[in-house]
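Here, each number is a calculation from the coordinates, and none is a lab measurement. Predicted model only: the values in this text are computed from it and were never measured. Heads up, the Cβs are rebuilt from the backbone with ideal geometry, glycines too, and the neighbour counts pull from every protein chain shown.
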2 protein chains.
Amino acid sequence: MCELLGMSASVPTDIVFSFTGLMQRGGRTGPHRDGWGIAFYEGRGLRLFQDPAASSESEVARLVQRYPIKSETVIGHIRQANVGRICLANTHPFVRELWGRNWCFAHNGQLADFHPQAGFYRPVGDTDSEAAFCELLNRVRQSFPEPVALELLLPGLVASCAGFSRLGVFNCLLSDGDWLFTFCSTKLAHITRRAPFGPAQLKDAELTVDFQAETTPTDVVSVIATEALTANEPWTLYAPGEWRLWRAGECIASGVVAG
Amino acid sequence: MCELLGMSASVPTDIVFSFTGLMQRGGRTGPHRDGWGIAFYEGRGLRLFQDPAASSESEVARLVQRYPIKSETVIGHIRQANVGRICLANTHPFVRELWGRNWCFAHNGQLADFHPQAGFYRPVGDTDSEAAFCELLNRVRQSFPEPVALELLLPGLVASCAGFSRLGVFNCLLSDGDWLFTFCSTKLAHITRRAPFGPAQLKDAELTVDFQAETTPTDVVSVIATEALTANEPWTLYAPGEWRLWRAGECIASGVVAG
């Protein structure tokens with residue numbers, strides 16, 4: 001199993017606090033030693049930091065912690081390999097361009113006997129996760145060669161994720177930089193922070209941050225993670241089969257599909 | 001104009017020395033203040049560091065200098081914007097997946113009135129460079145939906161680059177991680193270092209490296225750059241219209257197209 005971290009915010013926000021908690025699980029408080037990655041959207045551009053080394057020992061991870069990059073949409077992942085070797089090509093998140101936008105994807109879980117037909121998008125590495133991402137994009141592309149509104153896109157995304165989750169475990173984060181789509185097959189939690197902001201205490205490291213000092217009263221910041229990252233805040237668990245669509249910090253659509 | 005930096009090596013090699021020279025031109029000894037990027041292949045994976053800030057002042061550039069990443073194929077670029085805003089999405093190198101490999105591209109020059117039809121690959125930003133890269137990949141894909149041998153691929157790459165160069169200036173580096181294709185429309189230089197290795201003195205910074213201490217006798221390392229990066233070595237200039245294909249440090253094919 002791996003751990004996921006997503007953020008959707010109304011203003012460019014620094015995710016160093018949550019990332020610091022997550023990276024402790026990469027070899028220190030958790031067993032996810034087989035690489036990590038984090039992608040920050042900056043406008044339509046995407047900044048991707050990855051390392052096949054354990055995040056608690058990674059030089060690049062230390063840079064990310066020291067160097068606060070502000071973003072409205074972030075997808076992060078730490079890996080405990082089950083399918084695919086430990087190497088950069090197998091390190092989440094994965095990125096592909098579709099309709100002139102960077103689509104970014106990270107997955108927690110595994111799929112049994114998943115061998116989709118080679119389509120336009122093809123995996124570079126050999127994980128089931130990247131294969132599922134490519135298959136999902138191939139389906140989007142086949143249905144919609146040209147860009148469509150999110151309302152038209154959404155049912156296909158939900159159906160694909162629901163289908164994948166029937167083959168195993170499929171918790172995922174997917175974004176095109178504008179919205180953040182999240183699907184829970186077994187395990188995912190979320191929290192939305194808004195004024196009045198208070199202090200938050202990481203579960204995995206001796207670190208407290210006072211969000212009031214870091215934010216303005218109109219900021220809305222939602223964090224989505226495999227497990228709650230803080231000890232003193234009320235995280236909400238996703239139900240199995242639940243999906244949520246986030247934009248600018250708010251959940252703008254959600255639903256639950258039958259198992 | 002921008003500056004290009006490419007490397008092809010027979011063994012994973014640290015490019016920090018050449019990168020240190022190049023990044024001085026990003027705002028210190030040169031006018032290329034509008035961003036920089038460098039991509040390192042690691043097996044089939046690709047590690048991309050980019051910043052829309054001047055390289056001589058970039059925190060991420062300092063990480064790349066401090067943290068020697070070894071690679072067999074590298075593409076780097078520093079930018080002086082002419083077409084397209086200064087932002088991450090317009091920062092070279094650009095990356096797309098084709099045939100399950102990461103293709104990476106950087107361009108020096110500009111194209112007049114270049115507005116190719118929207119194809120499968122579409123630019124995320126608004127540079128002529130990324131538009132040309134997408135058009136080139138769309139043509140490859142149209143000719144060869146499935147992977148083909150390099151000998152079959154090469155004539156199309158050369159023809160596309162020659163065509164682009166008739167619309168303006170088109171010096172470029174292109175790689176799929178296995179080979180490094182280089183095309184000179186106006187300005188490009190190369191050097192191949194092999195045993196016996198000697199010391200090299202950067203033109204743009206007070207730095208000398210003794211490659212003998214850093215290499216083994218069988219290493220072959222070629223560096224391709226817009227201008228010679230060292231003061232004491234015999235760089236060879238490309239002719240206008242000249243292309244060279246590099247693999248594992250050696251030039252394995254070359255030619256010149258009529259202007």
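Summary for A:R85: label point 7 Å along Cα→Cβ; distances to the equivalent points in the other copies, ascending, 4.2 nm. In straight Cα distance, which aspartates and glutamates are under 12 Å from A:K187, not counting same-chain residues fewer than 8 positions off? Once the sequence-local aspartates and glutamates are set aside, what remains near A:K187 is A:E3, A:E227, A:E242. When peptides A:113-120, A:72-79, B:202-209 are ranked by their average number of other Cβ atoms within 10 Å per residue, the highest-first order is A:72-79, B:202-209, A:113-120. Taking the average, over residues, of other Cβ atoms within 10 Å as the packing measure, peptides B:211-221, B:236-246 rank B:236-246, B:211-221 from highest down. Computed on region B:90-140, with alpha-carbon pairs under 8 angstrom and 6+ residues apart, the relative contact order is 33 percent. Over region A:3-256, Cα pairs under 8 Å with separation of 6+ residues give a relative contact order of 22 percent. Any idea what the B:P12 label distances to the other copies are, label 7 Å down the Cα→Cβ vector, nm, shortest first? Those separations, rounded to one decimal, come out as 3.3 nm. Quick check: Cα centre of region A:66-82 to Cα centre of region A:114-129, how many Å? Centre-to-centre distance over Cα atoms comes out at 23 Å. Using θ = phi - 60° in the Karplus curve 6.51 cos²θ - 1.76 cosθ + 1.60, the 3J(HN,Hα) couplings for region B:163-176 round to x, 4, 5, 6, 8, x, 10, 9, 8, 8, 10, 9, 8, 10 Hz; x is entered for Gly and Pro.
Over region B:45-144, all Cα pairs binned in 10 Å intervals from 0 give whole-percent P(r) values of 14, 44, 32, 10, 1, listed from short to long. Of all residues in chain A, the one whose Cβ lies closest to the rotation axis carrying A onto B, together with that distance in whole Å, is A:L63, 2. For chain A, the Kirkwood hydrodynamic radius from C-alpha pairs, put into Stokes-Einstein at 20 °C and a viscosity of 1.002 mPa s, yields a diffusion coefficient of 118 µm² per second.
3J(HN,Hα) along region A:109-122, derived from phi through the Karplus expression 6.51 cos²θ - 1.76 cosθ + 1.60 where θ = phi - 60°, amounts to x, 7, 10, 8, 6, 9, 9, x, 4, 5, x, 5, 7, 10 Hz, with x in place of Gly and Pro.
The three principal axes of the Cα atoms in region A:197-246 give end-to-end lengths of 36, 28, 13 Å, sorted in falling order. The helix-only estimate of mean residue ellipticity at 222 nm for the protein assembly as shown, built from DSSP H runs of length n ≥ 4 each weighted as -39500 (n - 2.57), is -6000 deg cm²/dmol after division by the residue total. Neighbouring Cβ atoms from other chains, within 10 Å of the Cβ of residues in A:38-50, number 5 on average. For peptide B:118-131, the mean count of partner chain Cβ atoms within 10 Å of a residue's Cβ comes to 3. Counts of other chain beta carbons within 10 angstrom of each beta carbon in peptide B:99-108 average 2. In nanometers and ordered shortest first, the copy-to-copy spacing of the A:C251 label point, defined 7 Å from Cα toward Cβ, is 6.2. Place a label point 7 angstrom from the Cα of A:T218 along the Cα-to-Cβ direction, then list the residues of region A:183-199 whose backbone nitrogen is under 15 Å away. Of the residues in region A:183-199, A:195 have backbone N under 15 Å from the label point off A:T218. Across region A:126-140, coupling constants 3J(HN,Hα) worked out from phi with the 6.51/-1.76/1.60 Karplus curve, θ = phi - 60°, read 10, 8, 5, 4, 5, 4, 5, 4, 4, 4, 4, 5, 4, 5, 4 Hz, and Gly and Pro carry x. In the calculated pair-distance distribution of the protein assembly as shown, the portion above 44 angstrom amounts to 15 percent of the Cα-Cα pairs. What residues have an amide H closer than 5 Å to that of B:W103, excluding those fewer than 5 places away on the same chain, when H is modeled at 1.01 Å from N in the peptide plane? Close amide H contacts, sequence-distant or interchain: B:R96, B:E97, B:L98.
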